[in-house]
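Right, one structure below, let's go through it.
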Amino acid sequence: MASTTRPAPTVGFDLDMTLIDSRPGIRACYVALTERTGTYVDADLAVTRLGPPLAEELAHWFPAEEIEAVADLYREMYPTYAVAATPALPGAREAVAAVREAGGRAIVVTAKYEPNAKLHLAHLGIEPDAVIGDLWAEQKAVALREHGADVYVGDHLGDVRGARAADARSVAVASGPCSAEELRAAGADVVLGDLTEFPEWLADYRAAGADGADAARA
């Protein structure tokens, strides 16, 4: 009898507030940016709305004609202030390992500037099969389709939209700025508390087979 187990999946992961708690590092970088530019950025407020591209946050603090240059400065300063200060979120390493143990591929698709995303992962010893940066919301579907992702895991409503645009299963984690209720309302197929629940979900998802029901949990 043929196996009904789903084949080894390709799973995409968001970075900020999905795999890493980037709030301490980003806060430190915004504080340093305030000191460097003389323009006040409320770092505590900024880290409550992580997810969208950097330019969207800078637009709250800088005039339009300065945003490109300030974004370049922020990205240049970022490795000094943000990387060492940023921990992995609970379950991050285990979630990537679970994909590998299932024979699949784990990729990271993020709105973060790609070189800085790679620095975070290298610092934390997380080694995905590919890292694709500078993509937000529906733009993420480009990379997800290119890599044949079956599942995309993220913490933001934009991540749900990206997964759905790629026809990938949207697995949302309520570890970022969006509540479980908001993620469900946006159309997430599955909502987990955080990545510690992901290995069990992945095992159930694969065991359910190609025609089986979702192993969705609140």
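The values are calculated or read from the model by the stated rules, or taken from the named source; none is laboratory data. The shown structure was predicted, so the numbers you read here are calculated from the model rather than taken from an experiment. Every residue, glycine among them, receives a Cβ derived from its backbone with ideal geometry; neighbour counts consider all protein chains shown. Ligands, DNA and RNA are stripped out before the accessible areas are found, and what is left, the full protein with its side chains, is counted by its heavy atoms. Shrake-Rupley method; radii C 1.70, N 1.55, O 1.52, S 1.80 Å.
Scan the stretch 55-77 and give yes if some residue there is more than 23 Å from residue 140 (Cβ to Cβ), aromatic (Phe, Trp, Tyr), part of a helix (DSSP H, G or I) and open to solvent by 50 Å² or more (accessible area, probe 1.4 Å), otherwise no.
Within the stretch 55-77, not a single residue is more than 23 Å from residue 140 (Cβ to Cβ), aromatic (Phe, Trp, Tyr), part of a helix (DSSP H, G or I) and open to solvent by 50 Å² or more (accessible area, probe 1.4 Å).
Can you pull out the helices (runs of 4 or more DSSP H) entirely within the stretch 103-218 that have at least 1 residues that are more than 21 Å from residue 5 (Cβ to Cβ)?
Output list reads 114-124, 140-146, 157-165, 180-185.
Which members of the stretch 124-138 meet the condition of being surrounded by fewer than 17 Cβ atoms within 10 Å (Cβ to Cβ), closer than 25 Å to residue 79 by Cβ and not aliphatic (A, V, I, L, M)?
Once the filter is applied, which keeps residues that are surrounded by fewer than 17 Cβ atoms within 10 Å (Cβ to Cβ), closer than 25 Å to residue 79 by Cβ and not aliphatic (A, V, I, L, M), the stretch 124-138 yields 125, 127, 129, 134.
Go over the candidates 27, 49, 36 one by one and state the one that is basic (Lys, Arg), out of contact with any Phe, Trp or Tyr (no Cβ under 8 Å at 6 or more places or on another chain), open to solvent by 60 Å² or more (accessible area, probe 1.4 Å) and in contact (Cβ under 8 Å) with a residue 60 or more places away in the chain.
Being basic (Lys, Arg), out of contact with any Phe, Trp or Tyr (no Cβ under 8 Å at 6 or more places or on another chain), open to solvent by 60 Å² or more (accessible area, probe 1.4 Å) and in contact (Cβ under 8 Å) with a residue 60 or more places away in the chain holds for just one of 27, 49, 36, which is 49.
Which of the residues spanning the stretch 141-172 are of a type in the set (A, V, I, L, M), farther than 17 Å from residue 9 by Cβ and buried (at least 24 other Cβ atoms within 10 Å of the Cβ)?
160 - this is the single residue of the stretch 141-172 that is of a type in the set (A, V, I, L, M), farther than 17 Å from residue 9 by Cβ and buried (at least 24 other Cβ atoms within 10 Å of the Cβ).
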